[in-house]
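First, the structure itself, so that you have it in front of you.
The values are calculated or read from the model by the stated rules, or taken from the named source; none is laboratory data. Predicted model, so just to flag it, every value in this text is computed and none were measured. Every residue, glycine among them, receives a Cβ derived from its backbone with ideal geometry; neighbour counts consider all protein chains shown.
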Amino acid sequence: MFKNTVMGLEKVFKDDIKKPKVILVTGPPGSMKSSFIYTLLTSYLSQGNEFGVYTTLEESVASHLSNMESLGISLCLNLQITDFTDIREEEENVDYLKFLEKMLTHFKKLKGDQFSCFALDSLGALYSLMDGEDNMRKKMYHFFQLLRDLNLNSFIIMERPAEGDSNLLGNEGFLADGIIYLGLKRRQGRLSRFIQVEKMRACEHSMEMHALDLRMGKIFVLGPIFE
């Protein structure tokens, strides 16, 4: 169960996140978006025989693993990590969204129902590779729908300003089934992290901010933050 993957996450989610869902994981730099989702997926997948894919467009696979290792976050053999490094170096005029769709469809054919979850890090990096393309909203609608058709729980990382309004998410916020905001807040002269679920269809959850902490390679969800 996803709500048991991070210590204290059951304080936020009263029900589990059931497939298929497309979930935006948003927040400013430094809010641990990548670390949180990687921890959630590795913890979940280590519990059974399910399979997941984590696609990083911000960095190489080696760099991502090095960063996770430096935080003390363990590797999971059931999580395939991919990047676009080779294709970006070898080919021009690539339709990256179509390439991503073919890759996910391939894994679904290969793994069947075992392939249950996917993470994209990040949507902004994908947009930068697709710079200038027309009908972006239509393409993202079909991409999100494909993720649902593949019966996946998909976590799409997306940058967002600190204390940013959810309206700043634009079309993606309307198309997604859920929005998890990982934010930064200054309290008593100290910058602290928090998690807040702004939207999650078919799932009972708290809408309060809950403090988030990283200790000895483990992420903890602490109590609610009251203004």
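So which residues in the range 118-146 are in a strand (DSSP E or B) and either in contact with a helix residue (DSSP H, G or I) (Cβ under 6 Å, 6 or more places away or on another chain) or small (Gly, Ala, Ser) (or both)?
ALA119, ASP121
Go through the range 140-163 and count every residue that is more than 18 Å from the chain's Cα centre (by Cα) and modelled with pLDDT under 90.
Number of matching residues: 1.
Can you pull out every residue in the range 174-227 that is surrounded by 15 or more Cβ atoms within 10 Å (Cβ to Cβ), assigned to a loop (DSSP other than H, G, I, E, B), of a type in the set (A, V, I, L, M, F, W, C) and more than 18 Å from the chain's Cα centre (by Cα)?
If the condition is that a residue be surrounded by 15 or more Cβ atoms within 10 Å (Cβ to Cβ), assigned to a loop (DSSP other than H, G, I, E, B), of a type in the set (A, V, I, L, M, F, W, C) and more than 18 Å from the chain's Cα centre (by Cα), then MET209, ILE225 are the ones that fit.
Looking at (1) at positive phi; (2) touching a residue at least 40 places away in the same chain (Cβ under 8 Å), find the lone condition where ASN135 falls short.
The one condition ASN135 does not meet is (2).
Just for the range 60-114: of the residues that are more than 30 Å from PHE220 (Cβ to Cβ) and part of a loop (DSSP other than H, G, I, E, B), which one is nearest to the chain's Cα centre (by Cα)?
Among those residues, the one meeting the criterion is PHE84.
Return the residues of the range 45-62 that are among the small types (Gly, Ala, Ser) and surrounded by fewer than 13 Cβ atoms within 10 Å (Cβ to Cβ); say none if nothing qualifies.
Of everything in the range 45-62, those that are among the small types (Gly, Ala, Ser) and surrounded by fewer than 13 Cβ atoms within 10 Å (Cβ to Cβ) turn out to be GLY48, ALA62.
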